[in-house]
């Protein structure tokens with residue numbers, strides 16, 4: 001005597017009587033349903049590779065990571081080369097307009113007509129004018145405060161509070177002669193690119209910044 005529930009027995013009996021085309025259609029519908037259920041229940045993931053360490057380039061990875069984490073995504077950031085400095089305990093970041101002609105240079109104070117002027121300063125002047133990067137950094141910091149934009153330090157803290165994984169490139173640590181004590185204790189792992197790439201491969205979104 002069969003121990004299967006009557007409903008299961010009836011279902012199996014119906015499948016036996018189905019034609020090949022009907023059976024294929026039934027399988028396709030079931031398969032599509034399972035895929036949809038799996039996709040709906042899946043937690044999205046994002047991997048970011050951060051390679052730059054200036055103040056202006058520190059914003060994109062932390063903004064994207066904190067936003068994705070706020071949406072409930074699983075987020076990992078791999079800090080390599082100059083981007084590794086974004087994991088240091090003491091952030092002393094500067095803006096480097098040199099070699100970045102698309103960067104707008106605007107006054108963060110003064111009359112509105114003056115603030116709206118985008119000053120196109122040639123690279124030759126940027127590179128030869130003493131203290132230019134200090135001035136550009138001060139202007140950007142003043143602009144972010146005026147616009148109510150969080151600092152890099154605050155964004156990094158938001159990421160850590162949202163369980164964003166901060167991963168340090170071990171090769172870069174060795175190459176630049178850093179000591180692990182220079183970095184924040186929240187670094188989740190010290191690995192090489194070969195260990196992080198499989199993580200990026202299986203992520204829904206992978207970004208190189």
Exercise for the section: Compute the FRET efficiency between residue 71 and residue 188 as 1/(1 + (r/R0)^6), taking r as their Cβ-Cβ distance and R0 = 25 Å, and round to the nearest 0.05. Expected result: 0.80
Fill in the blank from the handout: Computed over all unlike Cα pairs, the Kirkwood hydrodynamic radius of region 157-208 in Å stands at 12.4
Handout entry: Packing-based ranking, highest mean first, of 89-95, 175-181, 157-163 given that Cβ atoms within 10 Å are counted
Key = 157-163, 89-95, 175-181
Exercise for the section: Just order 194-201, 61-68 by mean Cβ neighbour count inside 10 Å, highest at the front, would you? Expected result: 61-68, 194-201
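Read-outs: derived from the displayed coordinates by stated rules, not from any lab. Just so it is clear, the structure is predicted and the values come from calculations on it, not from any experiment. Counting neighbours? That spans all protein chains shown, and the Cβs are built from the backbone with ideal geometry, glycine included.
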